[in-house]
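Here is the structure we will look at.
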Amino acid sequence: MSSGAAKIAVKVTDVVEVNELVKRFRFERTDGGLMPTFSGGAHTVVEMDDHGTRRLNPYSLMSSPQDRSAFTISVRRDDEGRGGSLFMHNHVKTGMEMTISNPVNLFSLDLRARKHLMIAGGIGITPFLSQIAQLDNSNGNFELHYAVRTKSLGSYVDELTAKHPNDVKIYYDDQKEMIDLENLLDGQPLGTHLYVCGPKGMIEWVRKSAADAGWPRETVHYEEFLAPEPGKPFEVKLAISNKVIQVGETQSLLEAIEAAGVDAPYLCRGGACGMCETEVIGYDGKFIHNDHWLDDSEHLSGKKIMPCVSRFEGKTLVLDR
Amino acid sequence: MAKTEFEPSIKSRPVYGELEVRAGKSHLLIADAEGAGAILDLAKSAQKDFLANAHIIYIPKNAGDKYTAQLEGLGARQYYAGPSYEAAVPRIQRVLSDASNGLQIYLAGTEGLMGQAMREATNIGYPYSAIQTEHRGSKARRMQCVHCKGITEDVTTDPFECSHCGLNLFVRDHYSRRLAAFQGVCVDAEDPGNVPDKVEIT
């Protein structure tokens, strides 16, 4: 398959249990060469062969962009998810050979900013780790506000607070600590850019608060990888390939297209990048749009769908693919 | 006098809109000459607390005292009128460096003023696309000679003579946000002295 970013053959050289929910994986090239360069906030798509099911999940790179010996990711186990994170936790061991994609960055720092204000929730910390490593090398001005459930589940809290005691503030949910967002946004110097990565509710809260306080849209950056939501099985006709395919309950439309041997474009597989945008030729039924690439009017138009995360319920759906 | 309409041109040529009040903690309004009219129109549609949190910086230029009393009479938290844009630069820089996010920026008047004030804001990380602009009054341009790099202010004819090196320059729509100037290119390089008649810039 030729879609997506270029592939890298890697070997897992380290698996570390960060806490009871998070494991860290280190990948080095099987040919011993250097990893490609990337910038803070980039992700890689990890390909998994889960006992016959092909899974491709995006994970933020958390290692320093200066370190080209390896890529490092952290994966939070989601027992309710479709199985990608469980596969990583249960089956990926040191020495295993895997395929990952070249880095893609949909959450880069705007280096024109005078200051970078970062807000992380839970495993949403990972892109900030590489961004902070990048800023460390350029004396970048940043401030991180990081909300975690408990001390034991606070991934990388100790490393961050030891290295950046004055720039990192941790909030523990179990101690009823909350980010005082209104005050935090008030008084940030003009030219500050805001970055948020975490649960959906947190991203919406931060974006809305910033907009209400008059922060320009261009200064507010967020990243949320959506896992494709399961739903009722449905049938799709692919007009160009002249195929009729079935999308299973836990399968995404994109995965079903790929399983039928049709090469469809993709990059993030999480509803964020826009790469897999597909034209709808005809439909009778309703769309379940889950992406945050298309705008509301496009969602209502019935002319476009993002097959990585969105679904369909109804009689017929014909796609230009 | 209403906002200026320009002919569509190349992508590089800046386009200007119409000022509208946006939610913000404070408001910085910078205008020259006829740009005052845009601020006065904006103020009509504004709530009371808009002016209570507004700072107006005005350079009257050839408009003289036509608007100064009206602008001052708006009762903005701060009002400043100065003799030239250059004289106002230290003030603008200080206001921007002291400001917090949540400041809204409104620019009105000539292209030279708007472009240079926009550059001050983008220099400290404020996105240019978040800055509101409205063109009023003179269509004079701030031009950079691509040969000697000197800037000639308030160019109203095409071609014109570079005020630094004296070359005859053709007025292009090619614009630099970094320089806040349009590009002027020698018009008679191949055939020195063969200079087209000057026409007023529209």
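Derivation of every value follows stated rules applied to the coordinates shown; laboratory data play no part. Given the structure is predicted, the values throughout are model-derived calculations rather than measurements. Because the Cβ atoms are built from the backbone with ideal geometry, glycine has one as well, and the counts that use them run over all protein chains shown.
Beta bridges per DSSP, both residues in the protein assembly as shown: antiparallel share near 55 percent.
Each of A:37, A:219, B:68 was scored by other Cβ atoms within 10 Å of its Cβ. Listed from fewest to most, they are A:37, B:68, A:219.
From helices alone, chain A scores -5000 deg cm²/dmol at 222 nm; the rule is -39500 (n - 2.57) for each run of n ≥ 4 DSSP H residues, then divide by the residue total. Rounded to the nearest 10 degrees, the inclination of helix B:85-98 to the longest alpha-carbon principal axis of chain B is 50 degrees. Residues of the stretch A:150-188 with the amide nitrogen closer than 12 Å to a label point 7 Å from the Cα of residue A:77, along Cα-to-Cβ, please. In the stretch A:150-188, the label zone of residue A:77 (backbone N under 12 Å from the point 7 Å along Cα→Cβ) covers no residue. Peptides B:173-182, A:295-304 ranked from most to least packed, by the mean per-residue count of other Cβ atoms within 10 Å: B:173-182, A:295-304.
Classified by the C-alpha gyration tensor, chain B has a prolate form. Its axis ratio a/c, with a ≥ b ≥ c, is 1.5 or above, and a/b is larger than b/c. So how tilted is helix B:111-123 from the main axis of chain B? Cα-based, degrees 0 to 90, rounded to 10. It is inclined by approximately 70 degrees.
The spacing between the stretch A:77-129 and the stretch A:250-266, judged by their C-alpha centroids, is 22 Å.
How far is helix A:200-212 tilted off the main Cα axis of chain A, in degrees rounded to 10, range 0 to 90? Once rounded, one gets 70 degrees.
For the set A:176/A:208; A:304/B:3; A:303/B:44, the pairs lying more than 32 angstrom apart at their alpha carbons are A:304/B:3; A:303/B:44.
Length gained on full extension, residue B:149 to residue B:200, computed as 0.36 nm times the residue gap minus the Cα-Cα distance: 16.1 nm. In this structure, residue A:240 and residue B:70 have a Cβ-Cβ separation that, at R0 = 56 Å, corresponds to a calculated FRET efficiency of about 0.30. With each label modelled as a point 7 angstrom along the Cα→C-beta vector, the residue A:180-residue A:47 pair spans 5.1 nm.
Shape class of the stretch A:115-223 from the alpha-carbon gyration tensor: oblate, with a/c at 1.5 or above and b/c at least as large as a/b. Classified by the C-alpha gyration tensor, the protein assembly as shown has a prolate form. Its axis ratio a/c, with a ≥ b ≥ c, is 1.5 or above, and a/b is larger than b/c. By the rule of a second cysteine Cβ within less than 4.7 angstrom, chain B holds isolated cysteines at B:186. The slack between residue A:320 and residue A:39, meaning 0.36 nm per residue of separation minus the straight C-alpha distance, is 97.7 nm.
Highest-first packing order for the peptide set A:52-63, B:15-26 is A:52-63, B:15-26, based on the mean count of other beta carbon atoms within 10 Å.
Mean per-residue shielding of peptide A:182-190 is 4, counting Cβ atoms of other chains within 10 Å of each Cβ.
Mean partner shielding of peptide B:125-133, defined as the number of other chain Cβ atoms within 10 Å of each residue Cβ, is 5.
Compared with the direct C-alpha span, the chain from residue A:86 to residue A:313 gains 78.9 nm at full extension, assuming 0.36 nm per residue. This ranking places B:141, A:29 by how few other beta-carbon atoms lie within 10 Å of each, fewest first, which gives A:29, B:141. Averaged over the residues of peptide B:103-109, the number of Cβ atoms from other protein chains lying within 10 Å of each residue's Cβ is 1. Relative contact order, whole percent, for the stretch B:141-200 stands at 33, derived from Cα pairs under 8 Å and 6 or more residues apart. Between residue B:47 and residue B:129, the C-beta separation translates, for a Förster distance of 30 Å, into a calculated FRET efficiency of about 0.75. The GluC sites (Glu not before Pro) of the stretch A:1-71 that DSSP puts in a loop, and whose beta carbon has at most 15 other beta carbons within 10 Å, are A:20. Once both labels are positioned 7 Å from their Cα atoms along Cα-to-Cβ, the gap between residue A:102 and residue B:84 label points is 5.2 nm. By the Cβ-Cβ criterion of under 4.7 Å, the unpaired cysteines of chain A are A:197, A:276, A:308.
Look at the alpha carbon pairs under 8 Å that are at least 6 residues apart: their mean separation over the length of chain A gives a relative contact order of 15 percent.
Here the stretch B:1-97 is treated as a sphere whose radius is the Kirkwood value from Cα pairs; by Stokes-Einstein at 4 °C and 1.567 mPa s it diffuses with a coefficient of 89 µm²/s.
The calculated FRET efficiency for residue A:250 paired with residue A:150, based on their beta-carbon distance and R0 = 41 Å, is about 0.85.
When the alpha-carbon atoms of the stretch A:185-273 are used, the pair Rg, Dmax equals 19.0, 58 angstrom.
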